[in-house]
Amino acid sequence: FLSYNGVYHAVDEMSALAVTESLLTGQWSVNQMEWDQSRTPPQNEVGVDGKLYSKKGLGISLAALPLFAIGKWWDAVGAVQMALLLNPFVTALLAFVFFHLAVALGYDERTAAIGTLSLGLGTLLWPFARTIFSESLAALGLCLALFGIVALRSVSEEKRGLLPAFIAGSGSAILLLARTANAIVLPVIGIYLGYLFLLDWRKNGRISRLLPPAVAFGLP
């Protein structure tokens, strides 16, 4: 919040919030960005119906929707200013998850705290906190996916439940929604989860026990 200024920093943010506005009004297209088509390359593409559609990932636009809607309803604050509050919260949540991921990996709390401070202060996370770029949301998704995987690997089957698989699936979904190109990571996550499920199957001998965690991962 110390570096928040409530203004656009790039046309990417305009495109993302144009999608948010379209979702709010039920129009789906972003014809309000037509002025950007003269740029090289433009942020949007013309669809088969002649309307403009964003090339950006849907995740950041969906995540900003509640704040954007509050800004539209609350006349004293602009919708853009409210939507730009999203990434400070996303960044703080990412730091929280990263800390607990480090602890889950076996590091002590002091080392985890140093790692978390290094992530927050030594990378682009802090500069990006004042924007509505999708990288922070993608990093949060990746961290959640890794946290779920580590929990699946380290917690005994009796105590595990379905929550770790659901967290891993939710993180993977957020990662994919933030930017479609992030799908390149999903096969790696899927292969490793398959390996963990296979170990459980070899130990228990009943493939039916693999179905609930697989559904919990796949549902998000």
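The values are calculated or read from the model by the stated rules, or taken from the named source; none is laboratory data. All figures in this text were calculated on a predicted structure; none of them were measured in a lab. Every residue, glycine as well, gets a Cβ built from its backbone with ideal geometry; the counts of neighbours run over all protein chains shown. To get the accessible areas, we keep the full protein, side chains included, count just its heavy atoms, and leave off ligands, DNA and RNA. Shrake-Rupley method; radii C 1.70, N 1.55, O 1.52, S 1.80 Å.
Report Asp108's accessible area, 1.4 Å probe, all protein chains in place, as a number in Å² to the nearest 10.
Roll a 1.4 Å probe over it and Asp108 shows about 90 Å².
For Val188 and Gln37 in one chain, what is 0.36 nm times their gap in residues minus the Cα-Cα distance, to one decimal in nm?
Details: separation 151, 0.36 × 151 = 54.36 nm, distance 3.64 nm.
Gain in length upon complete extension: 50.7 nm.
Not counting ligands, DNA or RNA, and with a 1.4 Å probe, what is Phe89's accessible surface area in Å² rounded to the nearest 10?
Per-residue accessible area (Phe89): approximately 120 Å².
Can you give me the long-range amide H partners of Leu85? Hydrogens built in the peptide plane at 1.01 Å from N, cutoff under 5 Å, separation of 5 or more residues or another chain.
Those qualifying (amide H under 5 Å, at least 5 residues apart or on another chain) number zero.
What size of dipole, in debye to the nearest 20, comes out for the chain about its Cα centre when the only charges are +1 on Lys and Arg C-beta atoms and -1 on Asp and Glu C-beta atoms? Walk me through the intermediate numbers first.
Numbers: 15 positive and 14 negative charges, 150 e Å.
Result for the chain is approximately 720 debye, rounded to the nearest 20.
Per-residue ellipticity at 222 nm for the chain, helices alone: DSSP H runs ≥ 4 residues times -39500 (n - 2.57), over residue total, nearest 500 deg cm²/dmol?
Numbers: 11 runs with 140 residues, N = 220.
Calculated at 222 nm, the ellipticity per residue is -20000 deg cm²/dmol.
For mean projected area of the Cα convex hull in nm², several values are listed as [x] 15.1; [y] 19.4; [z] 24.3; flag the one computed from this structure.
Of the labelled values, this structure produces [x].
For the chain, modelled as a GNM with alpha-carbon contacts under 10 angstrom, which of Val188, Val48, Val80 fluctuates the most?
In the Gaussian network model the winner is Val48.
Want the number for Val48 to Arg202: 0.36 nm per residue separation, take away the alpha-carbon distance, what's left?
Details: separation 154, 0.36 × 154 = 55.44 nm, distance 5.01 nm.
So the chain would gain 50.4 nm between Val48 and Arg202.
Under 15 Å from the Cα of Lys51, which aspartates and glutamates turn up, not counting those fewer than eight places away in the same chain?
Glu34, Asp36
How large is the accessible surface per residue of the chain, computed with a 1.4 Å probe and reported in Å² as a whole number? Each step should come with its number before you reach the end.
Details: 12370 Å² over 220 residues.
For the chain, the solvent-accessible area averages 56 Å² per residue.
Can you compute 3J(HN,Hα) from phi for each residue in segment 60-70, using the Karplus curve 6.51 cos²θ - 1.76 cosθ + 1.60 with θ = phi - 60°, rounded to whole Hz and x for Gly and Pro?
Values, residue by residue: 5, 5, 5, 5, 7, 4, x, 5, 4, 5, 4 Hz.
Which one, Ser172, Gln37, Gly190, is farthest towards the positive end of the dipole of the chain when Lys and Arg carry +1 and Asp and Glu -1 on their Cβ?
Value computed over the given set: Gly190.
Arrange the residues Ile167, Ile191 by how much accessible surface each exposes, largest first, with a 1.4 angstrom probe. If you can, show how the numbers build up before the last one.
Details: Ile167 40, Ile191 125 Å².
Highest to lowest solvent-accessible surface, that is Ile191, Ile167.
Calculate one ³J(HN,Hα) per residue across segment 25-40 by plugging θ = phi - 60° into the Karplus curve 6.51 cos²θ - 1.76 cosθ + 1.60, and present them in order as whole Hz with x for glycine and proline.
These are the phi-based 3J(HN,Hα) values: 8, x, 8, 6, 7, 10, 4, 5, 9, 4, 4, 7, 5, 7, 7, 10 Hz.
Just need the relative contact order of the chain here, percent rounded to a whole number, with Cα pairs under 8 Å and 6+ apart.
Numbers: 305 pairs, mean separation 40.1, N = 220.
Reported relative contact order: 18 percent.
Just need the relative contact order of segment 20-62 here, percent rounded to a whole number, with Cα pairs under 8 Å and 6+ apart.
Values: 40 pairs, mean separation 15.0, N = 43.
Computed value for segment 20-62: 35 percent relative contact order.
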